2 protein chains.
Amino acid sequence: MKASDIREAFKLAERGDIISFAGGFPAPETFPTALVAEVAHEVAARMGASSLQYGPTEGLYELREYVANHLSGEGIECTAENVLLTNGSQQALDLIAKITLDPGDCVIVEKPGYIGGIAAFNQYEPSFAPVPLDNEGIRVDILEGLLRQGGPVGAGPVKLCYVVPNFHNPTGVTVSEPRRARLAELAREYGFCVIEDNPYGDLRFEGTPKRHIRTYDTGEHVLYLGSFSKVFVPGFRVGYAVGPEPVIRKLAIAKQGTDLCSNSFGQRIILECAKRGLLEKHTASIIDTYRKKRDLMLQALAEYFPDEVEWTYPEGGFFVWVTLPEGMNAKEMLPRAVAEERVAYVSGGASFVDGTGANTIRLAYSQASDRDIEEGIRRLGRFLKREVARLRSGATQNEPGSANGSLAPGAKLDRKEGIGAIGANR
Amino acid sequence: MKASDIREAFKLAERGDIISFAGGFPAPETFPTALVAEVAHEVAARMGASSLQYGPTEGLYELREYVANHLSGEGIECTAENVLLTNGSQQALDLIAKITLDPGDCVIVEKPGYIGGIAAFNQYEPSFAPVPLDNEGIRVDILEGLLRQGGPVGAGPVKLCYVVPNFHNPTGVTVSEPRRARLAELAREYGFCVIEDNPYGDLRFEGTPKRHIRTYDTGEHVLYLGSFSKVFVPGFRVGYAVGPEPVIRKLAIAKQGTDLCSNSFGQRIILECAKRGLLEKHTASIIDTYRKKRDLMLQALAEYFPDEVEWTYPEGGFFVWVTLPEGMNAKEMLPRAVAEERVAYVSGGASFVDGTGANTIRLAYSQASDRDIEEGIRRLGRFLKREVARLRSGATQNEPGSANGSLAPGAKLDRKEGIGAIGANR
């Protein structure tokens with residue numbers, strides 16, 4: 001295990017004069033602070049001790065019911081018994097890995113993939129099989145080829161396929177409906193489990209919501225994960241896993257050994273807000289904030305970034321993904337960006353389990369102020385223009401990918417595959 | 001993994017007419033509800049968004065400082081950097097196991113031991129080596145014999161030794177100071193790590209506090225765990241691990257992959273109360289409540305229990321441990337106790353990793369009302385007198401231990417050893 005690049009970047013972001021697009025935290029101005037102050041007081045004063053006692057391992061039953069009703073409205077048929085509340089969906093990833101993975105088992109991850117997911121799985125020593133993305137999300141055709149050949153050579157059986165389908169972290173892309181359908185079919189056909197991790201799905205700025213992968217699943221091969229962190233309050237750490245009852249029971253037993261139960265007070269506050277019908281209202285109220293931030297970033301990128309650089313067009317969520325010319329190394333450049341221009345980002349390499357992706361960057365527009373977005377991208381554009389010129393002038397560069405750690409066991413796909421396919425949305 | 005007997009017993013306890021000594025929850029009347037209502041409101045209203053954002057993986061720095069200062073006052077020299085805040089100390093157990101255990105590695109557990117600890121370790125497939133307790137706690141002489149012979153035959157290296165030193169769960173006994181000193185010496189000598197799990201230590205009813213095992217440790221071989229759950233509020237899920245900086249850093253990396261961070265709002269509330277000097281005051285104010293409950297239970301036990309039954313004398317904490325005559329099976333009796341007398345307890349067998357202990361019971365006085373303690377023990381005494389008479393009359397009984405699951409791998413100590421040594425305090 002190693003400290004992640006993103007957490008290290010968070011530390012950078014705490015320095016006052018630096019404009020950071022590193023941390024993908026929600027925008028603080030979206031938090032319902034007055035509401036939480038009022039409801040927290042009311043819950044403790046009215047309910048008294050029962051709001052502060054240990055809760056059930058599975059989470060408060062009424063909040064599980066709320067989640068089940070909410071998701072049923074989106075086509076995922078489920079009841080409270082299908083829902084486990086967790087410490088953010090990150091804990092769901094850990095618990096799923098805990099109950100499914102033996103060392104060497106194969107986990108399919110997106111390339112690039114969410115590093116928090118990769119870190120959760122990595123604790124159980126799997127073989128990773130990275131499958132590239134393009135602007136319609138995970139390349140199910142490449143996945144199918146991999147499955148047909150029996151998975152990566154030398155790896156254990158394919159147990160999990162981890163996908164962030166909407167406004168993907170780190171790339172911002174969304175999986176198309178045909179690919180969602182195919183992914184569910186492949187899971188049934190080859191007997192693995194898809195983890196559909198959807199923390200950003202409710203933050204859609206435009207277009208029609210896509211059907212959840214779970215709704216295509218006829219064989220109980222998809223576990224759906226959601227969270228209140230991005231649409232309400234991250235500091236309560238309340239997420240959820242939704243799946244077949246026997247799986248939820250196993251996850252609950254694992255959670256019992258892991259931390260007994262989640263914090264009940266935060267769950268109570270969320271539940272009280274849900275009862276008042278305020279959760280959906282709140283989500284609807286914050287979408288404009290993020291859409292504006294995205295628009296500002298896309299405008300600034302078009303204005304200030306050099307022609308040689310490409311980036312994605314997110315229809316929602318927090319992130320834009322930037323692809324630099326081959327030969328550039330974003331991780332190695334970062335200290336210079338901070339020193340010369342007081343601007344920070346997350347280098348993308350850690351999102352590639354096969355050690356590629358050195359020339360990629362994740363930019364989060366979620367947390368920066370509107371003013372900082374314009375100024376920060378201006379600075380970063382200025383920096384990148386100098387770096388591109390350096391590259392052109394033949395200044396020494398590292399091999400692509402060389403700074404991004406060793407090849408993960410079982411990671412066998414070609415290094416060049418698919419990366420270039422992202423980032424065509426100027 | 002399997003659902004624990006204690007969690008199952010919690011469900012029983014929810015039925016209205018049953019007096020339950022099963023769940024070892026804190027007494028609800030000890031919770032500072034009015035204070036939490038006020039402080040929760042103030043924290044959210046005054047601090048705003050920063051009280052609701054994701055927090056650092058290690059926990060709020062100021063609260064880590066508070067813990068470090070508090071423990072330094074008890075002889076454990078440490079700074080904030082030595083402290084990791086966790087989702088209750090249960091999460092610390094999981095994380096420690098995660099970073100130290102390979103399958104087959106040997107974990108020394110008390111016999112009987114805390115089943116939540118056993119469950120946490122068991123997820124990582126260790127060999128357990130149970131070491132018996134007596135009224136001075138873990139038998140360090142037996143432990144030493146085991147270590148001298150190179151650990152249990154067929155098991156991996158001894159990595160961890162898990163001890164609840166004060167008012168032990170489930171037995172209520174406290175480890176004597178000579179044994180604490182010896183345990184720290186053995187850890188250094190044989191190169192394993194002692195986990196000193198101390199959730200109840202501040203709830204001492206009489207006598208002088210014992211030195212922490214960590215204070216005898218000259219070689220950084222003891223990790224100390226504490227919790228705000230028993231002395232303040234369990235529903236916030238805030239515990240802590242204290243140890244050498246490199247270990248804390250490793251645990252933090254593991255926590256990052258496990259759930260990113262703990263709930264920051266609960267930490268803020270605790271911190272605010274700490275700043276006002278209210279945590280120690282609150283702890284002092286609730287000790288009388290628990291002492292009274294213990295006294296009521298001990299009085300009732302003396303009055304109503306049959307002569308053939310023995311129990312421990314806890315100087316603090318939540319639990320009394322009951323040893324029934326050989327040949328009785330507490331797990332098998334439990335449904336009859338509930339049906340015939342509407343009283344519930346936790347059968348002790350699950351606390352013995354070697355499958356013994358069928359004739360033991362844990363009684364928690366922490367959560368029952370004063371009135372229920374007297375009435376419940378009266379009922380249970382009546383029930384036990386009938387059961388003892390049944391045994392005497394030669395009614396069929398199971399073999400001792402046969403109902404308590406299979407022998408754990410690596411569990412090699414004699415089944416009879418040590419159990420009889422507990423429970424001599426009538």
- Message: I need the helices (runs of 4 or more DSSP H) fully contained in the stretch B:1-85, keeping only those with at least 1 residues that are modelled with pLDDT of 95 or more.
- Response: B:33-42, B:61-72
- Message: Checking the structure you have, find out if any residue of the stretch B:274-286 is within 13 Å of chain A (Cβ to nearest Cβ), modelled with pLDDT of 95 or more and surrounded by fewer than 24 Cβ atoms within 10 Å (Cβ to Cβ).
- Response: yes
- Task: Return yes when B:Leu71 is in contact (Cβ under 8 Å) with a residue 60 or more places away in the chain and more than 12 Å from every other protein chain (Cβ to nearest Cβ) and no when it is not.
- Result: yes
- Message: Six or more apart or on different chains, Cβ atoms under 7 Å: show the pairs whose first residue is in the stretch A:235-262 and at the interface with chain B (Cβ under 7 Å from one of its Cβ atoms) and whose second is among the aliphatic types (A, V, I, L, M) and part of a strand (DSSP E or B).
- Response: A:Ser262/A:Leu85
- Confirm whether B:Leu225 is away from chain A (no Cβ under 12 Å), modelled with pLDDT of 95 or more and over 23 Å from the mean Cα position of the chain (by Cα). no
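B:Ala337: in a helix (DSSP H, G or I) and over 19 Å from B:Phe25 (Cβ atoms), yes or no?
yes
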- Task: Among the residues of the stretch B:287-298, count how many are surrounded by fewer than 20 Cβ atoms within 10 Å (Cβ to Cβ) and either in contact (Cβ under 8 Å) with a residue 12 or more places away in the chain or within 14 Å of chain A (Cβ to nearest Cβ) (or both).
- Result: 5
- Message: Against the condition surrounded by fewer than 24 Cβ atoms within 10 Å (Cβ to Cβ) and out of contact with any strand residue (DSSP E or B) (no Cβ under 6 Å at 6 or more places or on another chain), how does A:Leu147 come out, does it pass?
- Response: yes
- Number of positions in the stretch A:93-116 that are within 21 Å of A:Gly191 (Cβ to Cβ) and in a helix (DSSP H, G or I): 7
- Message: Looking at (1) closer than 28 Å to B:Ala254 by Cβ; (2) out of contact with any His (no Cβ under 9 Å at 6 or more places or on another chain), which one does A:Gly317 not meet, given that it meets all the others?
- Response: (2)
- Task: Determine if the stretch A:78-94 includes at least one residue that is in contact with a Gly (Cβ under 7 Å, 6 or more places away or on another chain), more than 9 Å from every other protein chain (Cβ to nearest Cβ), of a type in the set (S, T, N, Q) and crowded, with 22+ Cβ neighbours inside 10 Å.
- Result: yes
- Note on the structure: Among the residues of the stretch A:148-167, the number that are within 24 Å of the chain's Cα centre (by Cα) and either over 24 Å from A:Gln90 (Cβ atoms) or among the charged types (D, E, K, R) (or both) is 1
- Task: Identify the single condition in (1) surrounded by fewer than 24 Cβ atoms within 10 Å (Cβ to Cβ); (2) over 21 Å from A:Gly243 (Cα atoms); (3) among the aromatic types (Phe, Trp, Tyr) that A:Tyr190 does not satisfy, given that it satisfies every other one.
- Result: (2)
- Just to be sure, is A:Thr208 among the hydroxyl-bearing types (Ser, Thr, Tyr), modelled with pLDDT under 95, in the same structural domain as A:Asn135 (by TED's automatic domain parsing) and not in a helix (DSSP H, G or I)? no
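So that you can scan it fast, the table gives a plain yes or no per residue for (1) under 19 Å from the mean Cα position of the chain (by Cα); (2) not assigned by TED's automatic domain parsing to the domain that holds B:Val242; (3) not hydrophobic (A, V, I, L, M, F, W, C):
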residue	(1), (2), (3)
B:Glu74	no, no, yes
B:Glu77	no, no, yes
B:Asp102	no, no, yes
B:Lys111	yes, no, yes
B:Ala119	yes, no, no
B:Pro132	yes, no, yes
B:Asn135	yes, no, yes
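Would you mind stating whether B:Glu310 is in contact with a Pro (Cβ under 8 Å, 6 or more places away or on another chain), surrounded by fewer than 24 Cβ atoms within 10 Å (Cβ to Cβ) and not polar (S, T, N, Q)?
no
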- When residues of the stretch B:107-130 are limited to those that are in contact (Cβ under 8 Å) with a residue 40 or more places away in the chain and farther than 15 Å from B:Ala350 by Cα, the one surrounded by the fewest Cβ atoms within 10 Å (Cβ to Cβ): B:Gln123
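The values are calculated or read from the model by the stated rules, or taken from the named source; none is laboratory data. What you see is a predicted model; the values in this text were computed from it and never measured. Quick reminder, even Gly has a Cβ in these numbers, built from the backbone with ideal geometry, and neighbours come from all protein chains shown.
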